[in-house]
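Q: Pasting in a structure now, in structure tokens, and then I'll have a few things to ask.
The values are calculated or read from the model by the stated rules, or taken from the named source; none is laboratory data. Not measured: the values here are computed from a predicted model. For neighbour counting, all protein chains shown are included, and Cβ atoms are generated from backbone atoms with ideal geometry for every residue, glycine included. Side chains included, ligands, DNA and RNA excluded: accessible areas come from the protein's heavy atoms. Shrake-Rupley method; radii C 1.70, N 1.55, O 1.52, S 1.80 Å.
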Amino acid sequence: MLYELTVLANPDENQDEIIEETSELLENYGEIKEFANDGKKRLAYEINGLSFAYYYMWTIGGIKNSKEAMEISKKLDNDERIIRYLLVKTKES
């Protein structure tokens, strides 16, 4: 199955570490097909007192089932450097 992950990261944190650790997490469950760094952008509204965030997107193949996707979500929930994220299943091309 193919999944897409979008992450909004706290701009006050080390971005290289966030990218590296999130990529390592995803590689434990599948293969990273694509990565995009959209850089720092203004948020539509403040989240936890922050007006800006770094936007990152991964496309991941090989996640076997929704249980593995839930495990990824739980680990992202526990990362305080990540303001918001969205993990969705997409159609394979």
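Q: As a test of the formula, what do you get for the chain when each DSSP H run with n ≥ 4 contributes -39,500 (n - 2.57) and the sum is divided by the residue count, at 222 nm and rounded to the nearest 500 deg cm²/dmol?
A: On the way: 2 runs with 25 residues, N = 93.
One gets -8500 deg cm²/dmol as the mean residue ellipticity at 222 nm.
Q: Hey, another quick one. Which of the pairs K64/K89; K33/K89; K41/K67; K33/K74; K40/K67 have their Cα atoms more than 20 Å apart in this structure?
A: Those over the limit are K41/K67; K33/K74; K40/K67.
Q: Right, something else. Beta carbons within 10 angstrom, averaged per residue: use that to sort the peptides 13-26, 35-48, highest first.
A: 13-26, 35-48
Q: For the chain, what D do you get in µm² per second when you plug the Kirkwood radius from alpha-carbon pairs into Stokes-Einstein at 25 °C and 0.890 mPa s?
A: Rounded, D is 182 µm²/s.
Q: Tell me which residues come under 5 Å, amide H to amide H, from L2 once H is placed; ignore anything under 5 positions away on its chain.
A: Long-range HN contacts for L2: T90, E92.
Q: For all pairs of alpha-carbon atoms in segment 25-67, what percent lies in each bin of width 10 Å, listed from the first bin to the last filled one?
A: 25, 33, 28, 14
Q: DSSP loop (so not H, G, I, E, B), at most 13 other Cβ within 10 Å: list which GluC sites (Glu not before Pro) in segment 57-88 pass both filters.
A: E80
Q: Roughly how many Å is it from the Cα centre of segment 1-19 to that of segment 21-93, as a whole number?
A: 6
Q: When ligands, DNA and RNA are left out and all protein chains stay put, how many square angstrom of accessible area per residue does the chain have with a 1.4 Å probe?
A: Spelled out: the 1.4 Å probe surface of the chain, per residue, equals 64 Å².
Q: With a 1.4 Å probe and all protein chains left in place, how much of the accessible area of the chain comes from carbon and sulfur atoms, in whole percent?
A: Numbers: 2600 of 5940 Å².
Carbon plus sulfur share of accessible area: 44 percent.
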